[in-house]
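A quick write-up on the structure given underneath.
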Amino acid sequence: MAQILLVEGSASLRHAYAATLRSEGHRVTAVADGAGALAAMSDARYQVAFIDMTQTNSSDDRSTLCAQCRALHPDCRIVLIADGPSFQAAAAEVRRGAYEILVKPFSEFRLHNCAVALHDPPPEEDENRNAPLGGFQGRSVRMGQMFATIRAYGRSGAPVLIRGAPGTEKGRCARAVHLASGRAEKPFIELDCRTRPVEQLEAELMGHLRGAFVGALSDRAGAAQLAHEGTLFLDEVGALPRGLQPMLLDIIRSATVQPVGSTVPHRINIRLVCTTTRDLDQAVADGEFDNRLRDRLCVLPLDMPNLADLGDDVLEIATARLRTLAREKGRRFVEFAPDLAPRLQTLPWPGNLAELTETLRHVVTSHDGTQVELEMLPLELIQQLDIGPMPARGTAVRPRPDTFSAGVPRSEAQTATGALATAEDTPRTPAEDVALSTLIGRPLAEIEQLVIEATIAREGGSIPRAARVLQLSPSTIYRKRESWRK
């Protein structure tokens with residue numbers, strides 16, 4: 001059992017907490033203030049310290065005591081005891097490295113759970129705290145900070161709230177926090193809080209007994225009970241119905257869960273990790289989210305970056321995902337073509353990592369090769385790219401030999417290209433009249449293809465720019481070119 005230091009100003013609570021911990025077999029030294037705590041720490045080594053934050057004052061500042069405890073005993077894991085007024089100060093200490101917060105009043109089960117979890121050895125810390133983990137890639141400062149934060153949060157037992165736009169893979173991050181924690185070998189139970197009737201969501205969270213409601217044909221453990229000793233992951237907790245929010249708050253406070261139809265609470269020991277795309281502060285202001293629950297869930301916030309903000313990491317992330325998808329589909333893709341690779345980071349990627357993954361899945365499913373070429377991307381993405389440097393006006397740019405219909409002689413195509421390249425800047429010459437005469441008598445569809453391809457060539461291969469010149473939509477040109485290849 002653990003050697004525990006308890007710092008509690010209230011004599012009655014100090015006695016009650018110490019008695020509970022001793023009944024579980026722990027060795028407890030109970031003191032009333034910071035001076036007593038420092039004296040105790042100079043005489044013995046403690047694995048766990050419970051420090052009451054509600055009694056702090058100018059002569060006995062508990063934040064200072066936490067810092068002194070970390071300095072004297074770096075391996076001692078700290079749990080803060082707080083109430084409403086002292087909660088934010090306690091949360092700040094958790095972000096500095098304390099393990100967890102117990103908010104008064106709390107059950108003896110919560111006290112016991114903390115002591116047990118803290119007695120277990122913490123997960124080994126990686127030599128490189130900024131190294132990628134959890135299936136994420138990236139070498140930028142922003143991603144390195146995220147990896148370090150995940151590892152730091154893994155060493156805590158406090159709730160984590162992962163915030164970010166849709167598609168930023170908040171769920172993957174939640175699992176990474178779990179795998180970085182001392183609970184990595186224990187259950188990771190996910191519950192989606194969106195688009196479900198309140199009664200169904202309550203039964204899935206709390207569990208139910210047979211006959212508790214119509215359709216309850218047998219006893220069933222809920223997500224909270226299944227996550228015992230592990231992590232309960234609440235996806236999109238901002239969508240949790242208002243009626244269920246007090247139930248979740250009670251689970252956090254009491255460390256118990258009472259299934260629907262039961263009168264007997266079950267003890268649980270869980271760590272909460274939640275995600276949200278919703279601004280919970282605004283939801284509280286709108287009266288749609290309990291401010292107490294918001295505070296309890298957001299002890300350790302983690303903000304996911306948008307893909308478009310990751311700069312050079314975009315190519316590394318895209319390449320890693322391309323290779324993974326290629327292996328799954330039995331394809332040969334390993335990289336992006338040189339003219340495409342640097343342009344990936346110029347796309348806005350409003351759907352973030354989810355959009356990138358689905359785009360690459362489409363490419364890998366529809367094509368094969370060692371390189372992803374520009375024309376393999378979906379049309380809507382190609383239209384967003386500014387392809388190639390724009391040539392100087394009046395300069396003839398020769399198209400590739402395969403860009404013209406087999407029915408149009410190459411010499412005529414080149415002549416027409418030259419005519420189009422200079423038409424806007426100089427008056428027509430007799431030579432251009434001759435070039436124009438070569439089109440007379442040909443099918444209109446053939447002439448249309450020749451003019452479109454020549455304009456694309458003049459615009460340096462940029463279909464969006466060619467579309468503006470021809471007063472067409474880019475999608476029209478893409479459709480026509482696709483039909484010409486058939």
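Where a number appears in this text, it was derived from the coordinates with a stated rule and is not lab data. The structure displayed is predicted, hence computed values, not measured ones. Cβ atoms come from the backbone with ideal geometry, glycine included; neighbour counts cover every protein chain shown.
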Note to self: What does DSSP give for the stretch 3-119 in terms of the percent of beta bridges that are antiparallel, rounded to the nearest 5?
What the structure shows: 5
Check: Could you give the distance between the Cα centres of the stretch 229-255 and the stretch 45-117, to the whole Å?
Finding: 23
Notebook entry, point to check: Tilt of helix 170-179 relative to the longest C-alpha principal axis of the chain, in degrees (0 to 90, nearest 10)?
Noted result: 40
Margin query: From the alpha carbon gyration tensor of the stretch 141-303, can you work out the equivalent ellipsoid semi-axes (sqrt of 5 times each eigenvalue) and give them in Å, largest to smallest?
Written below: 27, 18, 13
Next item on the list: Over every pair of different alpha-carbon atoms in the stretch 309-382, take the mean of 1/r and invert it; report that Kirkwood radius in Å.
Entry: 12.2
Notebook entry, point to check: Could you give me the ³J(HN,Hα) list for the stretch 88-97, computed from phi with Karplus coefficients 6.51, -1.76, 1.60 and θ = phi - 60°, whole Hz, x at Gly and Pro?
Noted result: 5, 5, 5, 4, 4, 5, 5, 5, 8, x
Notebook entry, point to check: Against the longest alpha carbon principal axis of the chain, how many degrees, from 0 to 90 and to the nearest 10, is the axis of helix 352-366 turned?
Noted result: 50
Next item on the list: Note down the net charge around residue 208, summing +1 for each Lys or Arg and -1 for each Asp or Glu among other residues with Cβ under 11 Å from its Cβ.
Entry: -2
Notebook entry, point to check: Based on the Kirkwood radius over alpha-carbon pairs, what value in µm²/s does the Stokes-Einstein equation return for the translational diffusion coefficient of the stretch 3-119 at 37 °C and 0.692 mPa s?
Noted result: 238
Next item on the list: In whole Å, largest first, what are the principal axis extents of the Cα atoms in the chain?
Entry: 106, 57, 44
Next item on the list: Give, in nm to one decimal, the length gained when the segment between residue 96 and residue 210 is fully stretched (0.36 nm per residue of separation minus the Cα-Cα distance).
Entry: 36.5 nm
Checklist line | Local electrostatic count, residue 140, Cβ distance below 14 Å [Lys/Arg +1, Asp/Glu -1] | finding: -2
Note to self: Rounded to the nearest 5, what % of DSSP beta bridges with both residues in the chain are antiparallel?
What the structure shows: 10
Item checked: Mean ellipticity per residue at 222 nm, deg cm²/dmol - from DSSP H runs of n ≥ 4 across the chain, formula -39500 (n - 2.57) -> -12500 deg cm²/dmol
Next item on the list: Could you pull out every residue, at least 5 positions away or on a different chain, whose amide H is within less than 5 Å of the one on residue 28? Hs are placed 1.01 Å off N in the peptide plane, and Pro or chain starts have none.
Entry: 4
Notebook entry, point to check: How do 213, 289, 147 rank when sorted from fewest to most other Cβ atoms within 10 Å of their own Cβ?
Noted result: 213, 147, 289
Note to self: Spelling out what I want: for every residue of the stretch 297-305, take phi, set θ = phi - 60°, compute 6.51 cos²θ - 1.76 cosθ + 1.60 (Karplus), and round to whole Hz; glycine and proline get x.
What the structure shows: 7, 9, 5, 10, x, 9, 9, 7, x
Checklist line | Simple Cβ-charge dipole of the chain, Lys/Arg +1 and Asp/Glu -1, about Cα centre, in debye nearest 20 | finding: 600
Next item on the list: Name the long-range amide H neighbours of residue 102: under 5 Å, sequence gap of 5 or more, or other chain; modelled H, no Pro or chain starts.
Entry: 80, 81, 82
Next item on the list: Please work out the FRET efficiency for the pair residue 354 and residue 185, using the Cβ-Cβ distance as r and a Förster radius of 25 Å; give the result to the nearest 0.05.
Entry: 0.30
Check: Quick one: length gained pulling residue 444 to residue 200 fully straight, 0.36 nm per residue minus the C-alpha distance?
Finding: 81.5 nm
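Rounded to two decimals, what ratio of Rg to Rh does the stretch 262-307 give with C-alpha atoms and a Kirkwood Rh?
1.10
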Margin query: With viscosity set to 1.567 mPa s at 4 °C, what whole-number translational diffusion coefficient in µm²/s follows for the stretch 130-212 from Stokes-Einstein and a Kirkwood radius over Cα pairs?
Written below: 87
Next item on the list: Please arrange 477, 162 by counting, for each residue, the other beta carbons lying within 10 Å of its beta carbon, fewest first.
Entry: 477, 162
Item checked: Principal semi-axes in Å for the stretch 205-268 [√(5λ), Cα gyration tensor, largest first] -> 19, 14, 12
